[in-house]
Structure formats: structure tokens, C-alpha cells
Amino acid sequence: MPTSRRPERLVVDANPILSALLGGRARRIFFEAGVTEFAVPEAVLQEVRDHLPQVAQQVGGERAFLEYALELLPPTRYPAGTYRRMIGEARRRVGQRDPDDVDVLALALQLCLPLWTNDRDFERTGTEYFTTARLLALFFGPSH
């Protein structure tokens, strides 16, 4: 359910965070778009940490450097207790497609915020979402 207005706050999935750590265009959104909050479930941050060895290998860097870079990103961390009451609804909407997406959808439902994800599993969840490409176009124009 994409939209054309600029979001002020977003719930962020793992893939934009990993993209930013890899030097992708997602970094620009984190640091230049003026979004006031990037809400991230602790489970998503753990998922990112679990992928850091592979990311370090891809970029030829050290895991410790990537841990440091992750700490420099501006997300607001949310523990599972924050969105616990929405887990069942999120599981109903996305759990069959990808159980790893339940926490991020539950937080989006709890906070009534759109998602930032490049994951197509969210297309039929009834939740507003933005891809990195769409956010770049909204904030920085079509040629970004």
C-alpha cells in the first residue's frame, strides 16, 4: 500500500539497515531525509547483528567496524514488550509468508506507522510501506 506523502516516522525492517551498512543508498535516508524517528524492533537489530559476519565478508571489513557503524545509525530500539499485543495480528497477516517479519509488522501496527522495507512479503498486509527507491524519490526527487 504505497503512498506519495513523505513520512515523518518509519518502522524499519532489516534490509534497509543492512543496505546502509553495505554503503547503499539507504544511508542517505537515515542521515539526510529529516525523518524524525526510525523505529526498529530489537529482534530486527539482532537479525542484522546475526548477518554482520557475512556483511563484513562482502565488504572486506571487520565485524567490529560494522558493529560501530550500526551504533551510528539513528534507530530507536523497541523491545518486544512494546508491541506484544499486536504479535497475533502480525502473525496472521505475514507469519505464513515469513515468520521473521512478524516483529517488524507488529511494531508498525502498534505505533500506527508505515514500514520501510524492500521485502515484498509486506505487499498484502494492509500496512502502508515504502521501499528505499520510493523514499529516495519522495525526499530527493526522481534522479536522487
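Computed from the coordinates by the stated procedures, all read-outs in this text should not be read as laboratory data. Because the structure is a prediction, the values reported are computed rather than measured. Cβ: placed from backbone, ideal geometry, glycine included. Neighbour counts: every protein chain shown.
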Do the sum for the chain: with -39,500 (n - 2.57) for every DSSP H run of n ≥ 4, divided by all residues, what is the mean residue ellipticity at 222 nm, to the nearest 500 deg cm²/dmol?
-14500 deg cm²/dmol
List every residue whose amide H lies under 5 Å from the amide H of THR76, counting only residues 5 or more places away in sequence or on a different chain, with H placed 1.01 Å from N in the peptide plane.
PHE38, ALA39, VAL40
Quick one: what Rg and Dmax do you get for the chain from the alpha carbons, in Å?
14.6, 41
Which FRET efficiency value, to the nearest 0.05, is calculated for GLU37 and ASP121 with the Förster distance at 30 angstrom and r the Cβ-Cβ distance?
0.85
Size of the range 105-144 along its principal axes in angstrom, Cα-based, largest extent first?
33, 19, 11
So how do 85-96, 132-143, 101-112 stack up, highest first, on mean other-Cβ count within 10 Å?
101-112, 85-96, 132-143
With R₀ set to 22 angstrom, the calculated FRET efficiency between the beta-carbons of THR76 and ASP98, to the nearest 0.05, is 0.40
